[in-house]
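Inspection log for the structure reproduced underneath, given as structure tokens.
Rule-based calculations on the coordinates, nothing more; no lab input. This structure is a prediction, so every number in the text was calculated from the model and none was measured. Quick reminder, even Gly has a Cβ in these numbers, built from the backbone with ideal geometry, and neighbours come from all protein chains shown.
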Amino acid sequence: MLYSPLNYQGNKSRIVDCLLSLLPQDVSSIREIFCGSAVFSFASDVNKVFLNDINIHITDLIRFFHDNSADEIIEQADNIIRHYGLTNTFYEGKQPYPEHRHEGLSNYNKAAFNRLKAAYNSDKDIAKLFVLSIYSFNHYLRFNSNDEFNVPVGKVDFVKTLREKTRSYCRAIRNKEIIISNYDFRSDELYCGVEKSTVYYFDPPYLITQAPYNLFWTEREEIDLLNLIDKLNASGYRFILSNVIESNGKRNDLLYEWMEKYNVKHIHRQYLNSSYQKKNISNADEVAISNF
């Protein structure tokens, strides 16, 4: 199991072992069309991976982890934390920062976090973005229409578990030959001249869930994706699609009817959806759909 230090929304750390069990033995490369933090590719034994995501910030972070060692990344992060006066309980312990109920370390970090956010929005330094992702609410990576990071401060800091995730993620990523792109999933560039020994992996936004990164995914996109995968299948390409067919009382009827012609593995699990006001735990019928 591989966990990303980015805690990117929708990442597949909790089910990656199940997904990897579906991979055939003769795979020459993986193409992740909605890569996010690319946990699936990096946890696999496949050396050559093509990573695509329209979110340029997440792919810039992947490059950052690929081009730097864990020690370099952690040192840069600690220097930024120290410079802006953020809490660092890994070194200082929690005693200097008694936590207020439901607020964690947010009161201590709010002013420093906002200074760091302003600095990043000015210079776009990728190491600063990594630190912002650590200290932001729910570790979100979210930007406004002016491409400014606009997530408020969260409750935690650069704790031991996140440092360990940084080291394991760096080990996994630096052993891979990666090619990164930022195309729309419908772009021909993603599907031309590809070897048949490649496996495509699709993990699109989920049509029936409420996460912030799903807001711009509509039935039109869902239909386009399913039609595209049908064309890949007809051309002899292999694929895995992960998605949710039922969640919180809703069912994705488009996907439910479409998947009948392929192999379906059900992965029953719970999702924790957090907001400022409440946390909701919903049961979800997650599926991995493949044509092999």
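Using +1 at the Cβ of each Lys and Arg and -1 at the Cβ of each Asp and Glu in segment 88-200, identify which of 89, 129, 197 lies farthest towards the dipole's positive end.
Sorting the options by dipole projection puts first 89.
Given 0.36 nm per residue, what is the gain on full extension from residue 72 to residue 45 after removing their alpha carbon distance, in nm?
Details: separation 27, 0.36 × 27 = 9.72 nm, distance 2.51 nm.
Residue separation times 0.36 nm, minus the Cα-Cα distance, leaves 7.2 nm.
Can you put 241, 190 in order of Cβ neighbours within 10 angstrom, beginning with the fewest?
Ranking 241, 190 by Cβ neighbours within 10 Å, fewest first, gives 190, 241.
So what does the Cα-only Debye profile of segment 131-172 read at q = 0.15, 0.20, 0.30 Å⁻¹, as log10 I(q)/I(0), no solvent term?
Log-scaled intensity ratios, in q order: -0.43, -0.67, -0.97.
For segment 64-166, what class follows from the C-alpha gyration tensor (a ≥ b ≥ c being the square roots of its eigenvalues): rounded when a/c is under 1.5, otherwise prolate if a/b is larger than b/c, else oblate?
Here segment 64-166 falls in the oblate category.
Mind giving me the FRET efficiency for residue 99 and residue 161? R0 is 30 Å, r the Cβ-Cβ distance, nearest 0.05 is fine.
For residue 99 and residue 161, the calculated efficiency is 0.95.
Hand me the tally of lysine pairs in segment 64-166: alpha carbons under 15 angstrom apart, and the pair either on different chains or 8 or more positions apart.
The number of close lysine pairs in segment 64-166 is 4.
Using a ≥ b ≥ c from the Cα gyration tensor of segment 168-229 (square roots of the eigenvalues), is it rounded, prolate or oblate, where a/c under 1.5 gives rounded and otherwise the larger of a/b and b/c decides, a/b for prolate?
oblate
Please name whichever of 233, 74, 57 sits farthest to the positive end of the charge dipole of the chain, dipole taken about the Cα centre and charges placed at Cβ: Lys and Arg +1, Asp and Glu -1.
Result: 74, furthest along the dipole toward the positive end.
Please give the calculated 222 nm ellipticity per residue for the chain, where each DSSP H segment of at least 4 residues contributes -39500 (n - 2.57) and the sum is spread over every residue; nearest 500 deg cm²/dmol? Please report the intermediate quantities before stating the final value.
Working: 10 runs with 106 residues, N = 292.
After summing the helix terms and dividing by residue count, I get -11000 deg cm²/dmol.
Please give, to one decimal in nm, the separation of the simple spin-label points placed at residue 79 and residue 234, each 7 Å out from Cα toward the Cβ.
5.5 nm
Arranged by the count of other C-beta atoms within 10 angstrom, fewest first, what order do 74, 267, 56, 33 take?
On the way: 74 20, 267 15, 56 12, 33 26.
Arranged by neighbour count, lowest to highest, 74, 267, 56, 33 become 56, 267, 74, 33.
Provide, for q = 0.10, 0.11, 0.15 Å⁻¹, the log10 of I(q)/I(0) from a solvent-free Debye sum over equal Cα point scatterers in the chain.
Once normalised to I(0) and log-transformed, intensities are -0.57, -0.68, -1.22.
Can you give me the relative contact order of segment 100-257 as a percent, contacts being Cα pairs under 8 Å and 6 or more apart?
With pairs under 8 Å counted, the relative contact order is 17 percent.
Can you return the aspartates and glutamates within cross-link range of residue 250? Criterion is Cα-Cα under 13 Å, with same-chain partners fewer than 8 residues away left out.
List returned: 285, 286.
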